[in-house]
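Here's the structure, in structure tokens; my notes come after.
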Amino acid sequence: MTLNILFAATEARWPQYEAPLHRALEAEGITDYRLATEMPAEEVDYIVYAPNSDLQDFTPYTRTKAVLNLWAGVEGIVGNRTLTQPLCRMVDSGLKEGMVEWVTGQVLRHHLGIDEVLARQSGEWRPSVPPLARNRPVGVLGLGELGAACAGALAALNFPVAGWSRTEKHIPGITCHHGAEGLKTVLAGSQIVVLLLPLTGATENILDADALSRLPEGAVIVNPGRGALIEDEALLAGLDAGHLGHATLDVFRQEPLPADHPFWRHPKITVSPHVASETRPETAAEVVARNIRRGEAGEPFLHLVDRGAGY
Ligand code: NDP
């Protein structure tokens, strides 16, 4: 029987994904299928989904076997009460590679003091030698697909890396912590802290005034996770008081970040327009097709979201 696959994302995504999805489905041996941006809800077997799509009511999709999210983050869909079908999130090698590059670049930028060097093109010869990475402890909050990959890349550059996750983890080369005390330990020991947590009820405002005060003097925050992980007012207060050195933020409570938002003009904040990493159509299509093949073979789906945990 023909498999009906609905592509439900913004119009702009369709030209990027159409050909890669066809290639990937065929590579998985799926040949009898229809892939389209519109079809009757009751005929849909799988939904390839981005949370900014118009599709918000999943009730009529009675025969849909899974919703395959194109993004790693699921906070825009996980709480949807009409969604009773299994939800899979995106774990994409291209997305991971991009995040490792972005995070490593931002950490090295702050570690090497590249901003100061660029600002100092004044004719004045003032050498300052940064410490070696081995003397710059970095904390990574979130040790999932992206956090663990970034932690590993930083550790490979000799940064002492401590990580924090919800459940206990053992990752070679990374000092792993979990639980409330674990967070305090990681924060207290991190000159640079990278946020790669999902946004859930448990992680919202995880960096509040108390948590930020635990960071060492001059600490730098790099946030490619989600904006609401940090309390905006507490961050501004910490930067203004001189306790925090800098914050490089890729994600915000409201995106696009409003033009009059104080983050844009703050001398110790770098605003990056949610570009840390993108799902890459070619590799993401392979993940989608693999999951459809598994669903049809009666195998468990990959990257199923734990609806209770929210990620
Ligand atoms: P994963 O689900 O693989 O990893 C999430 C990690 O966070 C896990 O280690 C998990 O712990 C930990 N975690 C979750 N809840 C808690 C908690 N309450 N306390 C402590 N640790 C917690 O997600 P990914 O690595 O794939 O992605 C992480 C996030 O990155 C996404 O949710 C998204 O918000 C963001 N992202 C941003 C992009 C950008 O361009 N800026 C691009 C892609 C993603 P455990 O291991 O124990 O489950």
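Computed about the Cα centre, the dipole magnitude for the stretch 174-281 is approximately 280 debye when only Lys and Arg (+1) and Asp and Glu (-1) carry charge, each at its Cβ. Among Leu112, Leu143, the sequence by solvent-accessible area, most first, with a 1.4 Å probe is Leu112, Leu143. For the stretch 61-203, with all protein chains in place and a probe radius of 1.4 Å, 57% of the accessible heavy-atom surface sits on carbon or sulfur. Heavy-atom accessible surface of Phe252, to the nearest 10 Å², is about 20 Å², with a 1.4 Å probe and all protein chains retained.
Suppose every Lys and Arg Cβ carries +1 and every Asp and Glu Cβ carries -1, with no other charges. What dipole size does the stretch 18-101 come out with about its Cα centre, to the nearest 20 debye?
260 debye
Normalised by the number of residues in the stretch 155-219, the mean separation of alpha-carbon contacts (under 8 Å, six or more apart) gives a relative contact order of 27 percent.
Quick check: residue separation of Trp125 and Ser213 times 0.36 nm, minus the Cα distance between them. What number comes out in nm?
Once the chain is fully extended between Trp125 and Ser213, it gains 28.1 nm.
Positive end of the dipole of the chain (Cβ unit charges, origin at the Cα centre): among Thr167, Ser93, Ala202, the Cα lying farthest that way belongs to Thr167. Globularity index of the stretch 131-257 is 0.97 (Cα radius of gyration / 2.2 N^0.38 Å, N = number of residues). For Ala66, the residues 5 or more places off, or on other chains, whose built amide H falls under 5 Å of its own are Ile47.
Gyration tensor over the Cα atoms of the chain: the corresponding equivalent ellipsoid has semi-axes (square roots of 5 times the eigenvalues, largest first) of 39, 19, 19 Å.
Can you find, among Thr82, Gly139, Gly29, the residue sitting farthest towards the positive end of the charge dipole of the chain, where Lys and Arg contribute +1 and Asp and Glu -1 at Cβ? Farthest along the dipole direction, towards plus: Gly139.
Rounding to the nearest 10 and keeping the result within 0 to 90°, find how far the Cα-based axis of helix 179-188 lies from the longest principal axis of the chain. On a 0 to 90 degree scale, this one is about 40.
With a Förster radius of 25 Å, plug the Cβ-Cβ distance of Glu296 and Glu18 into 1/(1 + (r/R0)^6) and report the FRET value to the nearest 0.05. Approximately 0.75, to the nearest 0.05. Take 13-26, 115-128 and order them by the average number of nearby Cβ atoms within 10 Å per residue, most first; the result is 13-26, 115-128.
For the chain, the solvent-accessible area with a 1.4 angstrom probe is 48 square angstrom per residue. Geometric descriptor of the stretch 69-152, per residue, is 125 Å³ (volume of the convex hull of the Cα atoms). Taking the Cα centre of the chain as reference, the dipole from Cβ charges on Lys and Arg (+1) and Asp and Glu (-1) amounts to some 840 debye.
A simple rule links phi to the HN-Hα coupling: the Karplus curve 6.51 cos²θ - 1.76 cosθ + 1.60 with θ = phi - 60°, which for the stretch 154-168 gives 5, 5, 5, 8, 5, 5, x, 10, 10, x, 9, 9, 6, 9, 5 Hz, with x for Gly and Pro. In the chain, helices alone account for a calculated mean residue ellipticity at 222 nm of -9500 deg cm²/dmol, with every DSSP H run of four or more residues adding -39,500 (n - 2.57). Comparing Leu108, Leu68, Ala12 along the charge dipole axis of the stretch 1-150, the residue lying farthest to the positive side is Leu108, per the Cβ-charge model.
The values are calculated or read from the model by the stated rules, or taken from the named source; none is laboratory data. These numbers come from a predicted model, not from an experiment. Neighbour counts run over all protein chains shown; Cβ positions are idealised from the backbone, glycine included. We work out accessible area using only protein heavy atoms, side chains counted, and drop any ligands, DNA or RNA first. Shrake-Rupley method; radii C 1.70, N 1.55, O 1.52, S 1.80 Å.
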